[in-house]
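Right, one structure below, let's go through it.
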Amino acid sequence: MEAHATAEQIEAVCAEIRAMGFTPHPMPGPTRTAIGITGNQGPIEQAGRLQRLPGVSQLIRVTVPYKLVSREFKEFDTVVEVGTVPIGGSGIAIIAGPCTVESREQTLNVARAVHAAGAVILRGGAYKPRTSPYSFQGMGEAGLQILAEARALTGLPVVTEVMDTETLPLVAEYADMLQIGARNMQNYSLLRAVGRTNRPVLLKRGFAATVKDLLLAAEYILAEGNPNVVLCERGIRTFDDGLRFTLDLSAVPLIKQLSHLPVIVDPSHASGRADMVMPLSRAALAAGADGLIIEVHDNPAYAVCDGTQSLVPDTFAALMQQLARIAAAVDRSLVTVGAA
Ligand code: PEP
Ligand code: MN
């Protein structure tokens, strides 16, 4: 739409798109609103019906299959608000917390520590997708309640994983941001279901998924009407077995070129080793990541899950100091709590 198009003109275009049998997706930007069209197979016939409407600037054919997430559709970076914390734009948001909620004491301890060190969102799983059915599966609703208590204590918004559509209403009640784990990246019914909520979504890349697969997974969520998606590179499977996974840092600048969505990096799951988290975090910010998600535990040797990759609070605090300097070197800054 033109920069000065009115709300009535935008609605008239949406109405015409619906009359043509397609779905309109208006997306406001800093200078103008773009209206995505889905439901059409191939180029739109009778494009003149739209072109002639007042306020229309131009019709742009999106050439990639992931339409709504593409830069072709929306030129400017999307900023996703999690509580009051922005992800994307000029700030860099650091998410930290335990792999899983083990107890009230452990979660509140870690929440206090990462908050003091400057993390702006708390992570922690209450429903855990474990490779073995015999491993700890998470505390469930009791874990969600502990996360809510940690949020009340620190003011940090909470991101936690939702594993299936059955538990989605419950998890969405407690979570400020819904995490879709790597193993569920192509669970299309779950993607559609989170797309129908109004909660921001953290979508992790599957470990055998291409960047295109990831963008198409995000498209499922946007197509249902939820534009608040943050992508996460968390390591992929390659021939190299030196570490748990191979962090594909090239995905960060590639995604930033192809999509307007924010991208963060998970150096903890990518490497599986605490001593790799600091160098990979530094590299991720240098590569243009909009944030990091890092596992922290107050007593990693006793962690129920992912202890080998968890940082102790002191190391996390030292990492935060370094990250502030790296952010400045790439003309950005770490998001701080309370930032607009
Ligand atoms: C997690 O973040 O706790 C997790 C299970 O990550 P992933 O889905 O990337 O393996
Ligand atoms: Mn974990």
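Criterion applied to Ile236, Ile255 was being of a type in the set (Val, Ile, Thr), closer than 16 Å to Thr78 by Cβ and modelled with pLDDT of 95 or more, and the one residue passing it is Ile255. For region 259-269, check the following and say yes or no: at least one residue is within 25 Å of Gly83 (Cβ to Cβ), among the acidic types (Asp, Glu) and away from ligand 1 (no atom under 16 Å from the Cβ). No: zero hits.
Yes or no, residue by residue, for (1) touching a Lys or Arg at 6+ places or on another chain (Cβ under 7 Å); (2) under 16 Å from Glu295 (Cα atoms):
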residue	(1), (2)
Leu50	no, no
Lys74	no, no
Gly97	yes, yes
Ala111	no, yes
Val120	no, yes
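A residue that is β-branched (Val, Ile, Thr), out of contact with any helix residue (DSSP H, G or I) (no Cβ under 9 Å at 6 or more places or on another chain) and free of Cβ contacts under 8 Å to residues at least 40 places away in the same chain cannot be found anywhere in region 79-92.
So, of the residues in region 2-48 that are over 28 Å from the mean Cα position of the chain (by Cα) and on the phi > 0 side of the Ramachandran plot, which turns out to be surrounded by the fewest Cβ atoms within 10 Å (Cβ to Cβ)? If we take residues in region 2-48 being over 28 Å from the mean Cα position of the chain (by Cα) and on the phi > 0 side of the Ramachandran plot, then Gly42 is surrounded by the fewest Cβ atoms within 10 Å (Cβ to Cβ). All of Ile44, Ile60, Ile35 fail the test of being outside any loop (DSSP other than H, G, I, E, B) and either within 30 Å of Gly288 (Cα to Cα) or among the hydrophobic types (A, V, I, L, M, F, W, C) (or both), apart from Ile35. Of all residues in region 103-124, those satisfying the criterion of being surrounded by 24 or more Cβ atoms within 10 Å (Cβ to Cβ) and either hydrophobic (A, V, I, L, M, F, W, C) or touching a residue at least 40 places away in the same chain (Cβ under 8 Å) (or both) are Thr107, Val110, Ala111, Val114, Ala119, Val120, Ile121, Leu122, Arg123. Taking first residues from region 263-282 that are under 26 Å from Asn228 (Cβ atoms) and partners that are acidic (Asp, Glu) and within 13 Å of ligand 2 (Cβ to nearest atom), the Cβ contacts under 9 Å between residues at least 6 apart in sequence or on separate chains come to Asp266/Glu295; Ser268/Glu295; Ser268/Asp306; His269/Glu295; His269/Asp306. Report yes if Arg112 is of a type in the set (Lys, Arg), closer than 28 Å to Val230 by Cβ and part of a loop (DSSP other than H, G, I, E, B), otherwise no. For Arg112, the condition - of a type in the set (Lys, Arg), closer than 28 Å to Val230 by Cβ and part of a loop (DSSP other than H, G, I, E, B) - is not met.
Considering every residue within region 164-175, establish whether at least one is in contact with a Pro (Cβ under 8 Å, 6 or more places away or on another chain), surrounded by fewer than 21 Cβ atoms within 10 Å (Cβ to Cβ) and not hydroxyl-bearing (Ser, Thr, Tyr). No, region 164-175 contains no residue that is in contact with a Pro (Cβ under 8 Å, 6 or more places away or on another chain), surrounded by fewer than 21 Cβ atoms within 10 Å (Cβ to Cβ) and not hydroxyl-bearing (Ser, Thr, Tyr).
Return yes when Ala217 is closer than 30 Å to Phe22 by Cα and in contact (Cβ under 8 Å) with a residue 12 or more places away in the chain and no when it is not.
Values: closer than 30 Å to Phe22 by Cα: yes; in contact (Cβ under 8 Å) with a residue 12 or more places away in the chain: yes.
For Ala217, the condition - closer than 30 Å to Phe22 by Cα and in contact (Cβ under 8 Å) with a residue 12 or more places away in the chain - is met.
Residues in region 174-209 that are within 16 Å of ligand 2 (Cβ to nearest atom) and touching a Phe, Trp or Tyr at 6+ places or on another chain (Cβ under 7 Å): Ala182, Phe207.
Taking the criterion of being touching a strand residue (DSSP E or B) at 6+ places or on another chain (Cβ under 7 Å) and not hydrophobic (A, V, I, L, M, F, W, C), would at least one residue in region 210-220 satisfy it? For region 210-220, residues touching a strand residue (DSSP E or B) at 6+ places or on another chain (Cβ under 7 Å) and not hydrophobic (A, V, I, L, M, F, W, C): absent.
When Ser268 is tested against (1) within 13 Å of ligand 2 (Cβ to nearest atom); (2) out of contact with any Asp or Glu (no Cβ under 6 Å at 6 or more places or on another chain); (3) small (Gly, Ala, Ser), just one condition goes unmet, and that condition is (2).
The values are calculated or read from the model by the stated rules, or taken from the named source; none is laboratory data. Predicted, not measured: the structure shown is a model, and the values here were computed from it. Using ideal geometry, Cβ is built from the backbone for each residue, glycine included, and neighbour counts are taken over all protein chains shown.
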